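I have placed the structure first, in the form of structure tokens, so that the comments after it can refer back to it.
The values are calculated or read from the model by the stated rules, or taken from the named source; none is laboratory data. As the structure is a prediction and not an experimental result, all values here were calculated from the model. Backbone-built Cβ (ideal geometry, glycine too); neighbour counts: all protein chains shown. Please note that ligands, DNA and RNA were not included when accessible areas were found on the heavy atoms of the full protein model with its side chains. Shrake-Rupley method; radii C 1.70, N 1.55, O 1.52, S 1.80 Å.
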Amino acid sequence: MSLLIQNATVITPGIKLNGAAILVDNGKIRRVFAAGEALPKTDETFDAAGQMVVPGFIDMHFHGAMGYETTTDDPKAMAAIGKAKILEGVTDCCPTTLTLSEDRLAKSLGYIEAYRQNPTGADVIGTHLEGPYVNPECLGAQNPAYQRNPDIDEIRRLHAVSPVSLITYAIELPGALEFTEDLLDMGILPSCGHTNATAAQFNAGCLRGLRRLTHFCNQMTKLHHREIGMVGTGLRNSEVYLEMICDKIHLCPDMIDLIFHRKNLDHIILITDAMEASHLQAGKYQLGGLDVIVKDGAARLASNGALAGSILEMNNALKNVYEVTGMPLEELIRTTSLNQAQELGIRDLGRIEAGFRANLTVLDDSFKVTQVFLRGKKQL
């Protein structure tokens, strides 16, 4: 089945083409045509009407949407969440768990695996385990009842239920250095978060292969003139990837601007960290069994006001960064998909060029998602 996407403003890392066309065949991009080139006849055409066509977004860190959590006991949850991610332009994702018991995590992974095998929305490219190996002093919205030290045998058991792509843990915990090496041996990406580590402790992890910080600046050691902590280390170390929640709440606009102008764009990962209230109205919700109040665009624990994930959508994350930094979209766009794909070792996602999967998102001038293509098939 062939498809031609016409009259598109193609935005792919390093390139912007006005009036372009994209030829898709059997779910793959076969060719990109510049304005004025002769176009082939195809089984189907789609008129982008001058709108932006970008690589489908990859969200590596989110906890739910549409009133469902990725860790719920409801087997319908992932289908609803997967469809919601499509609405914000996400074609590929890593559902993210929380600090919970192994039994609860295993059950959640079972539901995620069932959806991964038969997706009805965004594709799952592996699960992100956020916790349970977090520092008890940096819990944020993680449940203290289930915090524990790194356990690679537990990860092997969970990984057998459904592939784990990424794990967030605190590098200063007992056994975390050896844990880092074991994760890499399993092909799992290690990421440091919910951490009170010093720069020296993180650097010791880097010697074992650690190269990533989860939701940068949030629930990690702050920058200080006598100890640069995780914030200073993330800015200073050019090899470290930074996850960023760009809702203008977790990071203020000045911080977003500082990071984007200080850090190489090929090491920035936009995420949502969205919880179950994403795509819904303000009100009372939950995150991992903890009560959450969503008000004024922020999700906070009812108990102490700590931020409890977000209600951010990926298209709005890109919009916020574009408005705050003023950088060209063809530079920023790599932070929504290509960097994620490269981190995970996926070679055919994140660009609009021949040989890549036809996972594409269409955006109007206000960054509203107007169409999504998953393996070349319309989703909206």
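Here the simple spin-label model places points 7 Å from the Cα toward Cβ, and for D254 and D296 these points are separated by 1.8 nm. A 1.4 Å probe run over the protein chains yields, for segment 31-99, 33 Å² of accessible area per residue, whole-number rounding. The gain in end-to-end length when the K222 to A354 segment is fully stretched comes to 43.2 nm, 0.36 nm per residue minus the alpha carbon separation.
Only protein atoms count toward the accessible area here, which uses a 1.4 Å probe; on the chain, the carbon and sulfur part of that area reaches 47 percent. Listed by number, the DSSP H helices of the chain that run 15 Å or longer by alpha-carbon position along their axis and have mean Kyte hydropathy of at least 0.0 are 77-87.
Close amide-amide hydrogen proximity is noted between T45 and L4, each under 5 Å apart and 5 or more residues distant or on a separate chain (H modeled in the peptide plane; Pro and chain starts excluded). Structure shown: which of K28/K248; K83/K263; K263/K319; K107/K377; K284/K378 lie over 28 Å apart, alpha-carbon to alpha-carbon? Where the Cα-Cα span goes over 28 Å, the pairs concerned are K28/K248; K83/K263; K107/K377; K284/K378. List the aspartates and glutamates whose Cα sits under 15 Å from the Cα of K368, skipping any in the same chain fewer than 8 residues away. Candidates past the 8-residue exclusion: E88, E313, E323. With both labels modelled 7 Å from their Cα along Cα-to-Cβ, the D153 to Q342 distance reads 3.9 nm.
Segment E102..E330, full-extension length gain: 77.9 nm, with 0.36 nm per residue of separation and the alpha-carbon distance subtracted. From the list (i) 0.96; (ii) 1.16; (iii) 1.00, can you say which value of Cα Rg over 2.2 N^0.38 Å was derived from the structure given? Recomputing Cα Rg over 2.2 N^0.38 Å here picks out (i). Packing order of peptides 36-48, 336-348, highest average first: 336-348, 36-48 (average count of other Cβ atoms within 10 Å over each peptide's residues). Once C-alpha pairs closer than 8 Å and six or more residues apart are averaged by separation and normalised to the residue number of the chain, the relative contact order reads 21 percent. Stretch N118-L380 to full length: gain in nm at 0.36 nm per residue minus the Cα-Cα span? Working it through step by step, the gained length comes to 92.5 nm. In a reduced charge model with +1 at each Lys and Arg Cβ and -1 at each Asp and Glu Cβ, segment 1-131 shows a dipole moment near 360 debye about its Cα centre. Of the trypsin sites (Lys or Arg not before Pro) found in segment 191-282, those in coil by DSSP whose Cβ has at most 10 other Cβ atoms within 10 Å are R226. Note on D74/A38: beta-carbon distance plugged into 1/(1 + (r/R0)^6) with R0 of 41 Å gives a FRET efficiency of 0.20.
Placing +1 on each Lys and Arg Cβ and -1 on each Asp and Glu Cβ, with no other charges, gives the chain a dipole about its Cα centre of roughly 480 debye.
With the helix formula -39500 (n - 2.57) applied to DSSP H stretches of n ≥ 4, the chain reaches a computed 222 nm mean residue ellipticity of -7500 deg cm²/dmol.
When S238, S303 are compared by accessible surface with a 1.4 Å probe, the order from highest to lowest is S303, S238.
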